[in-house]
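Novice: To start, I am sharing the structure in question, which I have written as structure tokens.
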Amino acid sequence: MNNKAKIDCVHRESRINETAPSVAVESVSAEKREGLFQERTPPVIEIAPRVLRYRTRRDFLFFGAGAIAALAGSGFLLPQDTLRRMGVRRTVDSPAKEWFLNRALRIDDDVAEALYSGNPLKNNYNGATPDLGYISGWNLTIDGLDSGVSISLDVGNLMTRFSVHEQITRLVCVEGWSAIAWWAGFRFDDLLRAYPPMSQAKWARVESSVNLDGSGNPDPYFMSIDLATARHPQTLLATHFNGQPLTVDHGAPLRLLVPVKLGLNSVKAITKITYVAEEPRDYWAERGYSRYDGI
């Protein structure tokens with residue numbers, strides 16, 4: 001090989017070394033550990049700046065694509081009213097959306113059933129179970145009526161005034177369990193027809209003044225449902241459970257049963273119903289929980 005060839009060979013080798021990416025991993029030898037839980041000295045990893053820039057750009061693109069997909073997915077799943085408040089005018093309701101949400105709910109129900117199946121219908125007072133002594137003097141007070149007066153009804157008034165309806169209902173608790181039981185009572189809608197609320201009313205606040213806290217002290221429990229839910233044919237003011245009058249455990253002598261809502265809306269031992277125009281705060285919202293907890 002002549003001198004010119006040797007020089008060209010050296011130049012080519014130099015150019016190759018200059019352009020080859022430096023991806024070598026150099027590890028510092030770990031020092032001997034003195035104890036079982038002493039950490040090893042971490043290895044030193046060297047990556048060429050060009051390779052690092054490529055990986056950073058690639059990760060950014062992947063992140064951006066994921067963010068766009070997440071936004072598109074949320075737009076597909078969010079309620080139309082929520083999208084409208086966000087400035088999205090396009091209607092995205094579709095059979096596919098309904099199928100997807102129902103499928104997700106079914107999976108959630110299957111998991112809950114697998115975890116909690118076999119459990120009897122629970123008492124689930126928020127605190128201590130009241131003593132049955134309150135039943136003898138029990139009355140239902142109704143306020144916010146179109147007549148402008150407040151009325152008070154006892155169990156005899158209710159049972160003779162309204163037709164009894166029976167239904168088998170699955171109650172779903174926010175704690176993750178559910179149970180199916182036989183109930184009987186009169187429809188909330190029948191009460192609304194017999195004692196119409198004021199014209200501007202949109203909500204029914206349902207209260208139990210006999211509810212107790214965990215220490216046995218008075219702790220009135222109250223929730224609200226919109227009147228459209230109250231008029232649902234399965235929304236029941238229940239008086240019987242599994243063929244027998246309600247026990248104190250299950251809200252004697254009158255409890256709310258709202259199959260289209262979570263169980264926390266099914267107020268036990270109701271003592272008062274008030275019709276109001278604006279959505280009232282409920283027991284859990286006053287304790288910092290979301291107002292959507294009763295969905």
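Novice: Taking segment 272-287 on its own, how many of its residues are crowded, with 19+ Cβ neighbours inside 10 Å and either assigned to a loop (DSSP other than H, G, I, E, B) or in contact with a Phe, Trp or Tyr (Cβ under 8 Å, 6 or more places away or on another chain) (or both)?
Specialist: Of the residues in that region, 3 qualify.
Condition check ((1) open to solvent by 20 Å² or more (accessible area, probe 1.4 Å); (2) free of Cβ contacts under 8 Å to residues at least 40 places away in the same chain; (3) hydrophobic (A, V, I, L, M, F, W, C)) across all residues:
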{"residue": "213", "(1), (2), (3)": "yes, no, no"}
{"residue": "225", "(1), (2), (3)": "no, no, yes"}
{"residue": "229", "(1), (2), (3)": "no, yes, no"}
{"residue": "233", "(1), (2), (3)": "yes, no, no"}
{"residue": "239", "(1), (2), (3)": "no, no, no"}
{"residue": "260", "(1), (2), (3)": "yes, yes, yes"}
{"residue": "266", "(1), (2), (3)": "no, no, no"}
{"residue": "269", "(1), (2), (3)": "no, no, yes"}
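Novice: If a residue must be farther than 11 Å from residue 125 by Cα and small (Gly, Ala, Ser), how many such residues does segment 267-277 contain?
Specialist: Filtering segment 267-277 for residues farther than 11 Å from residue 125 by Cα gives 270-277.
Imposing the further condition that a residue be small (Gly, Ala, Ser) reduces the set to 277.
Matching residues across segment 267-277 total 1.
Novice: Which residue is modelled with the highest pLDDT, if the candidates are limited to segment 166-186 and must be surrounded by fewer than 16 Cβ atoms within 10 Å (Cβ to Cβ), assigned to a strand (DSSP E or B) and of a type outside the set (A, V, I, L, M)?
Specialist: Pass one, segment 166-186, residues surrounded by fewer than 16 Cβ atoms within 10 Å (Cβ to Cβ): 166, 168, 170, 174-176, 180, 182.
Narrowing further to those that are assigned to a strand (DSSP E or B): 166, 168, 170, 180, 182.
From what is left, the residues that are of a type outside the set (A, V, I, L, M) are 166, 170, 182.
Working: 166: 96, 170: 84, 182: 93.
In this case the residue turns out to be 166.
Novice: Continuing with the same structure: What's the number of the condition residue 65 fails, among (1) modelled with pLDDT of 75 or more; (2) hydrophobic (A, V, I, L, M, F, W, C); (3) under 30 Å from residue 250 (Cβ atoms); (4) open to solvent by less than 70 Å² (accessible area, probe 1.4 Å)?
Specialist: Condition not satisfied by residue 65: (3).
Novice: On to the next question. State all residues of segment 245-279 that are among the polar types (S, T, N, Q) and at pLDDT below 95; if no residue qualifies, say none. Break it down stepwise before answering.
Specialist: Going residue by residue through segment 245-279, those that are among the polar types (S, T, N, Q) are 247, 265-266, 271, 274.
Within segment 245-279, 247, 265, 266 meet the criteria.
Novice: Still on this structure, please answer the following. So for segment 143-154 (the condition being part of a helix (DSSP H, G or I) and free of Cβ contacts under 8 Å to residues at least 24 places away in the same chain), does at least one residue qualify? Can you show your working first?
Specialist: Applying the first criterion (part of a helix (DSSP H, G or I)) to segment 143-154 yields none.
For segment 143-154, residues part of a helix (DSSP H, G or I) and free of Cβ contacts under 8 Å to residues at least 24 places away in the same chain: absent.
Novice: Looking at segment 115-134, which of the residues that are part of a helix (DSSP H, G or I) and either at positive phi or open to solvent by 60 Å² or more (accessible area, probe 1.4 Å) (or both) is modelled with the lowest pLDDT?
Specialist: Just the residues of segment 115-134 that are part of a helix (DSSP H, G or I), to begin with: 115-116, 132-134.
Still in the running and either at positive phi or open to solvent by 60 Å² or more (accessible area, probe 1.4 Å) (or both): 115-116, 132.
Numbers: 115: 64, 116: 57, 132: 89.
Ranking the qualifying residues of segment 115-134, first place goes to 116.
Novice: Against the condition of a type in the set (Val, Ile, Thr) and either over 20 Å from residue 134 (Cβ atoms) or touching a residue at least 60 places away in the same chain (Cβ under 8 Å) (or both), how does residue 274 come out, does it pass? Full working, then the answer.
Specialist: Numbers: of a type in the set (Val, Ile, Thr): yes; either over 20 Å from residue 134 (Cβ atoms) or touching a residue at least 60 places away in the same chain (Cβ under 8 Å) (or both): yes.
When the stated conditions are applied, residue 274 passes them.
The values are calculated or read from the model by the stated rules, or taken from the named source; none is laboratory data. Here the structure is a predicted model, which is why all the values come from computation and not from measurement. Every residue, glycine among them, receives a Cβ derived from its backbone with ideal geometry; neighbour counts consider all protein chains shown. Remember, those area values only see protein heavy atoms, side chains included, never the ligands or the DNA or RNA. Shrake-Rupley method; radii C 1.70, N 1.55, O 1.52, S 1.80 Å.
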